[in-house]
Amino acid sequence: MKRLLKRYWLVLGRPSQYYSLGFLTIGGFIGGVAFWGAFNTALELTNTERFCISCHEMYDNVYRELQDTIHFTNPSGVRAGCPDCHVPHEWTSKIARKMKASKEVWGKVFGSIDTPEKFEEARLSLAMSEWRRLRTNDSLECRNCHKFEYMDFTRQSPRATRAHSTSLAEGERTCIDCHVGIAHRLPDLANVEEVAEHYGGREAIPAIITGADVEGTTSPPD
């Protein structure tokens, strides 16, 4: 086996006897472009709402909930799809998110949430995973569309203006600390702190749920 591997290594390292260096360089470049195009096309296909809701676990649960929210239908007609809220736009962050999300294939194969009952049982854990991720990356997906530097405080409610101009502006809080349950129904929060222990403790829980002081907000949602 060692001799066979050595022979292959020598063949790979041997200069070509039939093709010029220019041909190999151009051929390698074209091959690289073709590979990159195929890879990027496949990546973008997995970054569409149609792909996200192609499994009934998503279509029958969270997608139906989304349709009743302002992110789906609103006066301006600007609609947020699944990737807009769950996948960052920046390349490196997007790839990291895709790699992490690949474990969802495992859940699909083994039917982790393939019934409404299983989904409801896992809802708090699923929400906690997203809350922790958004608190860690400073709500990067929210900022795909909502840019703090372009906020017009004169057109916001007094409550929103207080929160955005203080806690958010100073980096003390991030979007998910206040904006929970805006696209999907909130889970039962009775055991939220117990579940949070598996996700880094109370730091994984949005501030409005823990009851922590958040300028301009009210008490935690029911």
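Descriptive notes on the structure:
- Two numbers describe the Cα atoms of the stretch 68-108: Rg and Dmax, which are 13.5, 39 Å.
- Order of Lys108, Lys100, Lys2 - criterion: other Cβ atoms within 10 Å of each residue's Cβ, fewest first: Lys2, Lys100, Lys108
- 27 Å Cα cut-off, lysine pairs counted over the chain (separation 8 or more, or different chains): 11
- Overall form of the stretch 95-175 per C-alpha gyration tensor (a/c, 1.5; a/b vs b/c): prolate
- Taking a ≥ b ≥ c as the square roots of the eigenvalues of the alpha carbon gyration tensor, the stretch 82-222 is oblate, as a/c is not under 1.5 and a/b does not beat b/c.
- Sorted ascending by nearby beta carbons within 10 Å, beginning with the fewest, Ile209, Ile26 become Ile26, Ile209.
- Where only C-alpha atoms are counted, convex hull volume of the stretch 28-67 per residue in Å³: 52 Å³
- Distance (nanometres) between label positions extended 7 Å along Cα→Cβ at Gln156 and Lys108: 3.8 nm
- For the chain, the longest principal axis of the C-alpha atoms and the axis of helix 91-101 are separated by about 80°.
- Along the axis of the charge dipole computed for the chain (Cβ charges of +1 for Lys and Arg, -1 for Asp and Glu, origin at the Cα centre), the listed residues Phe29, Leu124, Ala196 are led at the positive end by Phe29.
Throughout, read-outs are computed from the coordinates displayed, never taken from laboratory work. Bear in mind that the values here come from a model prediction, so they are computed numbers and not experimental data. Reconstructed Cβ throughout: ideal geometry from the backbone, glycine too, with neighbour counts over all protein chains shown.
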